[in-house]
Amino acid sequence: QVQLVESGGGLVQPGGSLRLSCAASGSIFSRYLMGWYRQAPGKQRELVARITSGGTTNYADSVKGRFTISRDNAKNTVYLQMNTLKPEDTAVYYCNARGPISDSWGQGTQVTVSS
């Protein structure tokens, strides 16, 4: 298992931006499929974005063009840049690391979009 620690959440006005970070332990971070998921109150957890070890990305339709996932393998960190935030983006955001025999989650960071 890899340990994941998210940071960067908070309260932001509609139209604003936030950048989430997820720092991972372990020496084989570069091999993991990394993802950001979110869960709003009363809803199921959903995939927001993910990035492969080779840098290929995919996004939920609801965030395409507004969010960008990236990774820095030298720092064992994955990022989620969120622009043009909407109230419906309000949720707890979770980092996920998926390896050949492991599936690890962070503790989550709250993102609230409200005026």
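The values are calculated or read from the model by the stated rules, or taken from the named source; none is laboratory data. Predicted model only: the values in this text are computed from it and were never measured. Reconstructed Cβ throughout: ideal geometry from the backbone, glycine too, with neighbour counts over all protein chains shown. Ligands, DNA and RNA are excluded from the accessible area calculation, which covers all protein heavy atoms including side chains. Shrake-Rupley method; radii C 1.70, N 1.55, O 1.52, S 1.80 Å.
Being hydrophobic (A, V, I, L, M, F, W, C), in contact (Cβ under 8 Å) with a residue 60 or more places away in the chain, open to solvent by less than 60 Å² (accessible area, probe 1.4 Å) and in a loop (DSSP other than H, G, I, E, B) is a property that Val2 has. Only a single item in (1) assigned to a strand (DSSP E or B); (2) open to solvent by 60 Å² or more (accessible area, probe 1.4 Å) is not met by Ala97, and it is number (2).
Inside the stretch 8-22, residues that are open to solvent by 50 Å² or more (accessible area, probe 1.4 Å), part of a strand (DSSP E or B) and not charged (D, E, K, R) make up a count of 1.
If the condition is being in a strand (DSSP E or B) and within 12 Å of Leu33 (Cα to Cα), then the stretch 45-68 contributes Ala49, Arg50, Ile51, Thr57, Asn58.
Would you confirm, using the coordinates I've provided, whether Asp89 is surrounded by 14 or more Cβ atoms within 10 Å (Cβ to Cβ), farther than 19 Å from Ser102 by Cα and of a type in the set (Asp, Glu)? When the stated conditions are applied, Asp89 passes them. Among the candidates Gly42, Gly35, the residue that is of a type outside the set (Phe, Trp, Tyr) and part of a loop (DSSP other than H, G, I, E, B) is uniquely Gly42. Filtered by the rule that a residue be within 15 Å of Glu88 (Cβ to Cβ) and of a type outside the set (Lys, Arg), the stretch 13-43 gives Gln13, Pro14, Gly15, Gly16, Leu18, Gln39, Ala40, Pro41, Gly42.
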